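Structure record follows, encoded as structure tokens.
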Amino acid sequence: MAIRQKERAGASTRSVEAICTAGVRCEVSTQDGHVIVTDEPEARGGTNTGASPLAHLTASLASCQAVQIVKVAEAMRFDHGALLITATTTTDRIESRKGGDKVMRFCAAGLEITLETDEPEARVERLKGLSEDRCPVGNLFADAGFEPVIAWTIKPKSA
């Protein structure tokens, strides 16, 4: 069964505006009218009133993969129940590209995905492959040389 993807009319651009009026706390406004608050813990110079930008990127990995699983499942007419994703990213201080001081960089990413379904194994494997391939945030890590390690757990669908 072929999966029909809707055609895109070229590249898509997203834009946000970050306003930081006090320290490292920022209110990030999206073009869709949403506001995301980022901050750092007090120990890192913030006021701890929002998740850190690095936590937001980790959340983006989990939620982006969730969107892809749901969309691929819809296209496949794949019956499923609950979906739970735990994302983990790792940073470390790595030598700067320009030499000298070490700077913080992501160096690993992983996803633990639990999906409820009674679909046959072959269809589950197809869903896995297609949804993993379509996640732009996961591909961002892969393109940087840190392919996310993905562990799937398939459970029977709850009644």
Exercise for the section: Being under 19 Å from residue 153 (Cβ atoms) and touching a helix residue (DSSP H, G or I) at 6+ places or on another chain (Cβ under 7 Å) is the filter here, so list the residues in segment 64-85 that pass it. Expected result: 65, 68, 69, 72, 73, 78, 80, 83, 85
Fill in the blank from the handout: Within segment 73-125, the residues that are closer than 16 Å to residue 60 by Cα and among the charged types (D, E, K, R) are 112
Handout entry: Qualifying residue in segment 87-102 (condition: assigned by TED's automatic domain parsing to the domain that holds residue 137, touching a Phe, Trp or Tyr at 6+ places or on another chain (Cβ under 8 Å) and of a type in the set (Lys, Arg))
Key = no
Completion exercise
Of the listed residues (133, 118), the one being surrounded by fewer than 14 Cβ atoms within 10 Å (Cβ to Cβ), within 15 Å of the chain's Cα centre (by Cα) and farther than 30 Å from residue 41 by Cα is 133
Practice task
Return yes or no: is residue 127 surrounded by 14 or more Cβ atoms within 10 Å (Cβ to Cβ), free of Cβ contacts under 8 Å to residues at least 60 places away in the same chain, under 14 Å from residue 64 (Cβ atoms) and not polar (S, T, N, Q)?
Solution key: no
Practice task
Run down 90, 117, 86 and say which single residue is in contact with a Lys or Arg (Cβ under 6 Å, 6 or more places away or on another chain) and among the polar types (S, T, N, Q).
Solution key: 117
Handout entry: Inter-residue pairs, beta-carbon under 8 Å, first within 29 Å of residue 37 (Cβ to Cβ) and in segment 5-17, second modelled with pLDDT of 90 or more and part of a loop (DSSP other than H, G, I, E, B), 6+ apart
Key = 14/31; 15/31; 16/31
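Considering every residue within segment 39-48, establish whether at least one is of a type in the set (Ser, Thr, Tyr), surrounded by 11 or more Cβ atoms within 10 Å (Cβ to Cβ) and within 19 Å of residue 143 (Cα to Cα).
No.
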Completion exercise
Out of (1) surrounded by fewer than 15 Cβ atoms within 10 Å (Cβ to Cβ); (2) modelled with pLDDT of 95 or more; (3) touching a Gly at 6+ places or on another chain (Cβ under 7 Å), the one residue 148 does not meet is (1)
Practice task
Considering every residue within segment 116-124, establish whether at least one is of a type outside the set (Gly, Ala, Ser), out of contact with any helix residue (DSSP H, G or I) (no Cβ under 7 Å at 6 or more places or on another chain), assigned to a strand (DSSP E or B) and closer than 14 Å to residue 73 by Cβ.
Solution key: yes
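The values are calculated or read from the model by the stated rules, or taken from the named source; none is laboratory data. As the structure is a prediction and not an experimental result, all values here were calculated from the model. Cβ sites come from the backbone with ideal geometry, for glycine too, and all protein chains shown count toward neighbours.
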